[in-house]
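Report on one structure; see the data block that follows.
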Amino acid sequence: MAAERSNVSADLVWQITRNQNAFLVQRNNAGGVRFSRDPLNPVNIHSRKYAGYANDKALGLQASENGGVVLIAKNASNTQNPAKNIRTVTYGPNTSNRKIYKSVASSTAKNGYRADLREAAVSRVSALRRSQQAKKDAPAPKVRGAKAKQAAAEE
(Lines give C-alpha, C1' and ligand atoms only; values in the text may rest on other atoms or scores of the structure.)
Protein backbone atom coordinates (compact mmCIF):
# COMPACT_ATOMS: atom_id res chain seq x y z
CA MET A 1 0.00 0.00 0.00
CA ALA A 2 2.70 2.48 0.92
CA ALA A 3 4.59 1.51 -2.21
CA GLU A 4 1.70 2.61 -4.41
CA ARG A 5 1.59 6.14 -2.97
CA SER A 6 4.85 7.91 -2.36
CA ASN A 7 3.15 10.83 -0.58
CA VAL A 8 1.83 8.59 2.23
CA SER A 9 4.25 7.59 4.93
CA ALA A 10 4.71 3.99 5.99
CA ASP A 11 3.85 4.96 9.57
CA LEU A 12 0.49 6.33 8.49
CA VAL A 13 -0.28 3.20 6.48
CA TRP A 14 0.55 1.06 9.52
CA GLN A 15 -1.57 3.18 11.89
CA ILE A 16 -4.57 2.92 9.57
CA THR A 17 -4.30 -0.79 8.78
CA ARG A 18 -2.86 -2.31 11.95
CA ASN A 19 -6.20 -3.44 13.40
CA GLN A 20 -7.87 -4.50 10.14
CA ASN A 21 -6.12 -5.84 7.08
CA ALA A 22 -6.22 -8.91 4.86
CA PHE A 23 -3.03 -10.39 6.34
CA LEU A 24 -4.01 -10.18 10.02
CA VAL A 25 -4.78 -13.45 11.84
CA GLN A 26 -6.20 -13.00 15.34
CA ARG A 27 -6.96 -15.72 17.86
CA ASN A 28 -8.79 -14.95 21.08
CA ASN A 29 -7.69 -18.17 22.69
CA ALA A 30 -3.97 -18.62 23.43
CA GLY A 31 -3.73 -15.13 24.89
CA GLY A 32 -5.06 -13.16 21.91
CA VAL A 33 -2.02 -13.80 19.72
CA ARG A 34 -1.79 -11.92 16.40
CA PHE A 35 -0.01 -13.33 13.36
CA SER A 36 0.45 -12.11 9.81
CA ARG A 37 0.02 -13.94 6.50
CA ASP A 38 1.89 -11.23 4.63
CA PRO A 39 4.24 -12.88 2.09
CA LEU A 40 6.77 -10.10 2.76
CA ASN A 41 6.85 -10.76 6.51
CA PRO A 42 9.81 -13.04 7.33
CA VAL A 43 8.67 -14.02 10.84
CA ASN A 44 4.84 -13.96 10.44
CA ILE A 45 4.40 -11.74 13.49
CA HIS A 46 1.92 -8.89 13.17
CA SER A 47 4.04 -5.85 14.03
CA ARG A 48 5.15 -2.62 12.39
CA LYS A 49 8.72 -3.83 12.33
CA TYR A 50 7.99 -6.79 10.05
CA ALA A 51 4.96 -5.55 8.07
CA GLY A 52 5.89 -5.94 4.43
CA TYR A 53 2.91 -4.06 3.02
CA ALA A 54 3.68 -0.97 5.11
CA ASN A 55 7.48 -0.77 4.77
CA ASP A 56 9.27 0.55 1.72
CA LYS A 57 11.85 -2.24 1.91
CA ALA A 58 10.65 -5.69 2.84
CA LEU A 59 11.57 -9.27 2.14
CA GLY A 60 9.90 -12.62 2.45
CA LEU A 61 10.81 -16.24 1.96
CA GLN A 62 8.60 -19.08 0.79
CA ALA A 63 9.03 -22.72 -0.11
CA SER A 64 8.78 -23.42 -3.83
CA GLU A 65 6.82 -26.29 -5.35
CA ASN A 66 9.88 -28.29 -6.36
CA GLY A 67 11.51 -28.24 -2.91
CA GLY A 68 13.54 -25.05 -3.22
CA VAL A 69 13.29 -21.61 -1.63
CA VAL A 70 12.00 -18.35 -3.14
CA LEU A 71 13.28 -14.98 -1.90
CA ILE A 72 10.79 -12.16 -2.48
CA ALA A 73 12.14 -8.63 -2.03
CA LYS A 74 10.40 -5.29 -2.29
CA ASN A 75 12.38 -2.51 -3.95
CA ALA A 76 12.14 1.00 -2.57
CA SER A 77 13.23 2.54 -5.86
CA ASN A 78 10.21 1.44 -7.91
CA THR A 79 7.43 2.71 -5.70
CA GLN A 80 5.50 4.21 -8.61
CA ASN A 81 5.70 1.05 -10.73
CA PRO A 82 4.11 -1.91 -8.92
CA ALA A 83 4.99 -4.35 -11.72
CA LYS A 84 8.69 -3.77 -11.09
CA ASN A 85 8.37 -3.26 -7.34
CA ILE A 86 8.87 -6.93 -6.38
CA ARG A 87 11.85 -9.06 -7.36
CA THR A 88 12.06 -12.79 -6.82
CA VAL A 89 15.07 -15.06 -6.65
CA THR A 90 14.52 -18.82 -6.75
CA TYR A 91 16.96 -21.31 -5.28
CA GLY A 92 16.59 -24.90 -6.45
CA PRO A 93 16.26 -27.97 -4.26
CA ASN A 94 19.85 -29.03 -4.96
CA THR A 95 21.39 -25.70 -3.96
CA SER A 96 23.45 -26.08 -0.81
CA ASN A 97 22.15 -24.54 2.40
CA ARG A 98 25.29 -22.47 2.95
CA LYS A 99 25.06 -20.99 -0.52
CA ILE A 100 21.43 -19.97 0.08
CA TYR A 101 22.25 -18.48 3.50
CA LYS A 102 25.14 -16.49 2.08
CA SER A 103 23.14 -15.31 -0.91
CA VAL A 104 20.18 -14.18 1.19
CA ALA A 105 22.42 -12.42 3.71
CA SER A 106 24.53 -10.69 1.05
CA SER A 107 21.58 -9.64 -1.11
CA THR A 108 19.86 -8.04 1.88
CA ALA A 109 23.05 -6.39 3.12
CA LYS A 110 24.05 -5.01 -0.27
CA ASN A 111 20.59 -3.60 -0.89
CA GLY A 112 20.44 -1.78 2.43
CA TYR A 113 17.97 -3.91 4.35
CA ARG A 114 18.06 -3.85 8.14
CA ALA A 115 20.36 -6.27 9.95
CA ASP A 116 17.53 -7.70 12.04
CA LEU A 117 15.65 -8.57 8.84
CA ARG A 118 18.77 -10.29 7.57
CA GLU A 119 18.97 -12.51 10.65
CA ALA A 120 15.26 -13.29 10.45
CA ALA A 121 15.57 -14.15 6.74
CA VAL A 122 18.46 -16.54 7.29
CA SER A 123 16.64 -18.27 10.14
CA ARG A 124 13.53 -18.56 7.97
CA VAL A 125 15.56 -20.17 5.17
CA SER A 126 16.99 -22.59 7.70
CA ALA A 127 13.51 -23.54 8.92
CA LEU A 128 12.22 -23.96 5.36
CA ARG A 129 15.13 -26.20 4.38
CA ARG A 130 14.71 -28.33 7.53
CA SER A 131 11.01 -28.78 6.77
CA GLN A 132 11.83 -29.96 3.24
CA GLN A 133 14.16 -32.74 4.36
CA ALA A 134 12.80 -36.28 4.21
CA LYS A 135 12.05 -37.79 7.59
CA LYS A 136 14.19 -40.70 8.67
CA ASP A 137 12.56 -44.00 9.53
CA ALA A 138 12.51 -44.79 13.22
CA PRO A 139 15.05 -47.51 14.05
CA ALA A 140 13.84 -50.80 15.48
CA PRO A 141 13.92 -50.72 19.28
CA LYS A 142 16.88 -52.51 20.81
CA VAL A 143 16.23 -55.53 22.96
CA ARG A 144 17.62 -54.89 26.42
CA GLY A 145 18.21 -57.34 29.22
CA ALA A 146 19.16 -61.02 29.27
CA LYS A 147 15.59 -62.33 29.48
CA ALA A 148 14.41 -60.15 26.60
CA LYS A 149 17.34 -61.24 24.40
CA GLN A 150 16.61 -64.88 25.19
CA ALA A 151 12.89 -64.44 24.38
CA ALA A 152 13.75 -62.70 21.09
CA ALA A 153 16.16 -65.50 20.14
CA GLU A 154 13.48 -68.14 20.76
CA GLU A 155 11.00 -66.40 18.42
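Structural remarks
- With a simple spin-label model that places each label point 7 Å from the Cα along the Cα-to-Cβ direction, the separation between residue 95 and residue 63 comes to 1.7 nm.
- Phi angles of the range 99-110 translate, via the Karplus equation with coefficients 6.51, -1.76, 1.60 and θ = phi - 60°, into HN-Hα couplings of 5, 5, 4, 5, 5, 5, 5, 6, 5, 6, 5, 6 Hz per residue; Gly and Pro are given as x.
- For the options 96, 126, 107, a Gaussian network treatment of the chain with springs between C-alpha atoms closer than 10 Å singles out 96 as fluctuating the most.
- Projected label points at residue 138 and residue 119, each 7 Å from Cα along the beta carbon direction, are separated by 3.7 nanometres.
- This model, with +1 at the C-beta of Lys and Arg and -1 at the C-beta of Asp and Glu, gives the chain a dipole about its Cα centre of some 420 debye.
- Stretching the chain fully between residue 152 and residue 102 yields a gain of 12.9 nm (0.36 nm per residue, less the alpha carbon separation).
- Surface per residue (accessible, 1.4 Å probe) for the chain, Å²: 66 Å²
- Kirkwood-type hydrodynamic radius, the chain: 18.2 Å, calculated from all non-identical alpha-carbon pairs.
- When you filter the trypsin sites (Lys or Arg not before Pro) in the range 58-155 for DSSP loop state and at most 16 other Cβ atoms inside 10 Å of their Cβ, you are left with 114, 135, 136, 142, 144.
- Modelled spin labels at residue 79 and residue 109, positioned 7 Å past Cα toward Cβ, are 2.8 nm from each other.
- Cα-based reach from residue 74 at 18 Å (exclusive), listing lysines while leaving out same-chain residues under 8 positions away: 49, 57, 84, 110
- Farthest towards the positive end of the charge dipole of the chain, among the residues 117, 31, 148, is the Cα of 148, using unit charges on the Cβ of Lys, Arg, Asp and Glu.
- From phi via Karplus (6.51, -1.76, 1.60), per-residue ³J(HN,Hα) for the range 44-55 in Hz, x at Gly/Pro: 6, 9, 7, 8, 4, 4, 10, 5, x, 6, 9, 7
- Counting protein heavy atoms only, the range 1-115 has 49 percent of its accessible area on carbon and sulfur, 1.4 angstrom probe.
- The chain: relative contact order as a whole-number percent, Cα under 8 Å and 6+ apart: 17 percent
The values are calculated or read from the model by the stated rules, or taken from the named source; none is laboratory data. Since we're looking at a predicted model, the values are computed, not measured. Note that we place each Cβ from the backbone using ideal geometry, even for glycine, and neighbour counts take in every protein chain shown. Just the protein is used for accessible areas: all its heavy atoms, side chains included, with ligands, DNA and RNA removed. Shrake-Rupley method; radii C 1.70, N 1.55, O 1.52, S 1.80 Å.
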